[in-house]
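Asks: Take a look at this one; I'll ask things after.
The values are calculated or read from the model by the stated rules, or taken from the named source; none is laboratory data. Keep in mind that what you see is a predicted model, and the values were worked out from it rather than measured. Note: ideal-geometry Cβ built from the backbone for every residue, glycine included; neighbour counts use all protein chains shown.
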Amino acid sequence: MRTLLHLVAWLPLSVLQAIGAAIGWLLWVTRSQRRRIALRNLERCMPELSAAERQRIARASLAHEFMTYIETFRIWLGPAASVKGAVKEWRGIDVLDRAFAQGKGVILLTLHQGAFEAVAIPMSASYPFCGLYKTQRGVINELSLKGRGRFGGSLMQTEAGVRKDSLTLLQRGMGVYFMPDHDPPLGRGVFAPFMGVPAHTPTLVAKLARESGAPVVYLFGERLPKARGYIAHFIEGSREIAGENVVAATAAMNRGLEACLRLCPEQYWWGYRRFRRQPEGSADFYKVA
C-alpha cells in the first residue's frame, strides 16, 4: 500500500484530477446517495437558484470532492517544488500578515471546499501553524502525519481535547488551524444558521476567540481549471466571533464560512450530510433525499 501511494503521488496533477472527476461522474450517473444528498442540501441552502443550476453545481461538487481525495497523496508525498509551485496566487495574504502582527496568534478556519490541504500545507513553510487531525488507520495515519508536517506545520490530535492546548499555542503567537463546517459530538456544538438552515456547529472556535483575543482568518483553496493549480484565498473574520454570546458568535463564524462558499459553490462538498442533526422536534432533513 505504501509503495502504491508513493507512486500515485508522482502522477501529474492532470491525471489525478481526471481520476477524481471520473469517480464523481460515476456517482452522478448512478444516482448515488451522495448525489441525492448534494441536491437536497442545495435545494434548502440555495433555493434562489433554478433546478438546472443546482444540478450543475451538485455534479461539479462531486467531481471536486473526489479530486481532493485523489490529489491528497500528491500533496503529502509528491515532489516538494511541484506542491509549492501549484499554488499560483496567495490572494489576501496581507490579511494573514496583519493578523499575526497583533501578536495573539491566529485562528485559521477552512471548510470542505476546493483543495484546502493543497494551500494550507505549503503555507506552513512560511507561517507557524498547528492543525487538528483525527487518527486514521494504518499507513494512512503515518503518511498523513508525515505529509501534513512536511513543510514545518505541526499537528494535534482531536481525540484528546484541544481547547487548553490551543490556547497555549495562541499565547505563543502561533496559528491554530480548524475545519468547523462539520457536525460535532453532542455537547460540543450549538445550532446556528448555515446557508439559512440550522446546523449543529462546533463552539470551540468562538470560545477560543473570546478567551485568547486571537483574530480569525478564513482560508480556502480554489482549484483552477485544467489542472493549472490553485488560488489560496484569505478572508478576514468578524470580531463578532469573539462575542460573549456563544450562539451569536458561532453564527457569526458560520457567516464567514458562507462567504467563502459563495465565492465558488461548485467546489463545496455538498454531498456531506451537514444537516443530519436538527433541533429537537424537527423533521428528518434527509428523509426525502
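Asks: Can you tell me which residues in the stretch 168-196 are hydroxyl-bearing (S, T, Y) and surrounded by fewer than 17 Cβ atoms within 10 Å (Cβ to Cβ)? Spell out the reasoning first.
Replies: Here is the first cut: in the stretch 168-196, the ones hydroxyl-bearing (S, T, Y) are 168, 177.
The answer is T168, and nothing else.
Asks: Working carefully through the options A252, A283, find the one that is within 21 Å of the chain's Cα centre (by Cα) and of a type in the set (G, A, S). Step through it out loud before you land on a result.
Replies: Working: A283 fails: within 21 Å of the chain's Cα centre (by Cα).
Of A252, A283, the one residue that is within 21 Å of the chain's Cα centre (by Cα) and of a type in the set (G, A, S) is A252.
Asks: Further question on the same structure: Could you list, in sequence order, all residues of the stretch 10-60 that are closer than 21 Å to P198 by Cβ and assigned to a helix (DSSP H, G or I)?
Replies: As a first pass, look at the stretch 10-60 and keep what is closer than 21 Å to P198 by Cβ: 36-49, 54.
Listed by number, the residues that qualify are R36, I37, A38, L39, R40, N41, L42, E43, R44, C45, R54.
Asks: Touching a Phe, Trp or Tyr at 6+ places or on another chain (Cβ under 8 Å) and either within 18 Å of C260 (Cα to Cα) or in contact (Cβ under 8 Å) with a residue 12 or more places away in the chain (or both), is that true of F191? Quick ask: steps written out before the conclusion?
Replies: Values: touching a Phe, Trp or Tyr at 6+ places or on another chain (Cβ under 8 Å): no; either within 18 Å of C260 (Cα to Cα) or in contact (Cβ under 8 Å) with a residue 12 or more places away in the chain (or both): yes.
Spelling it out, it is not the case that F191 is touching a Phe, Trp or Tyr at 6+ places or on another chain (Cβ under 8 Å) and either within 18 Å of C260 (Cα to Cα) or in contact (Cβ under 8 Å) with a residue 12 or more places away in the chain (or both).
Asks: Could you tell me whether L62 is touching a residue at least 12 places away in the same chain (Cβ under 8 Å), farther than 28 Å from P12 by Cβ and not basic (K, R)? Break it down stepwise before answering.
Replies: Numbers: touching a residue at least 12 places away in the same chain (Cβ under 8 Å): yes; farther than 28 Å from P12 by Cβ: no; not basic (K, R): yes.
Taking the combined requirement at face value, the residue does not satisfy it.
Asks: Here's a follow-up. Could you tell me which numbered condition Q136 fails, if it satisfies all but one of (1) polar (S, T, N, Q); (2) more than 15 Å from W270 (Cα to Cα); (3) at pLDDT 95 or above?
Replies: (3)
Asks: Mind checking which pairs have a first residue in the stretch 36-56 that is without any contact (Cβ under 8 Å) to a residue 24 or more places away in the chain and a second that is in a helix (DSSP H, G or I) and basic (K, R), Cβ under 7 Å, 6 or more apart or different chains?
Replies: Listed by first residue and then by second, the contacts come to E43/R54.
Asks: I'd like the full set of residues that are on the phi > 0 side of the Ramachandran plot and either touching a helix residue (DSSP H, G or I) at 6+ places or on another chain (Cβ under 8 Å) or of a type in the set (K, R) (or both), limited to the stretch 66-112.
Replies: We begin by selecting, within the stretch 66-112, every residue on the phi > 0 side of the Ramachandran plot; these are 92, 103, 105.
Scanning the stretch 66-112 gives a single hit, G105.
Asks: Here are some conditions: (1) farther than 25 Å from Y230 by Cα; (2) touching a residue at least 24 places away in the same chain (Cβ under 8 Å); (3) not acidic (D, E). V29 meets all but one. Which one does it not meet?
Replies: (2)
Asks: Would you confirm whether any residue within the stretch 102-124 is over 24 Å from I140 (Cα atoms) and among the aromatic types (F, W, Y)? Before you say what the answer is, go through the steps one by one.
Replies: Initial filter on the stretch 102-124 (over 24 Å from I140 (Cα atoms)): 102-108.
Next, only the ones that are among the aromatic types (F, W, Y) stay: none.
There is no residue in the stretch 102-124 that is over 24 Å from I140 (Cα atoms) and among the aromatic types (F, W, Y).
Asks: Given G105, G92, G85, which one is within 30 Å of V8 (Cβ to Cβ) and in contact (Cβ under 8 Å) with a residue 60 or more places away in the chain? Step through it out loud before you land on a result.
Replies: Values: G105 fails: within 30 Å of V8 (Cβ to Cβ); G92 fails: within 30 Å of V8 (Cβ to Cβ).
Answer to the check: G85.
Asks: Determine which single condition L219 fails, assuming it passes every other condition in (1) of a type outside the set (F, W, Y); (2) at pLDDT 95 or above; (3) in a loop (DSSP other than H, G, I, E, B).
Replies: For L219, the exception is condition (3).
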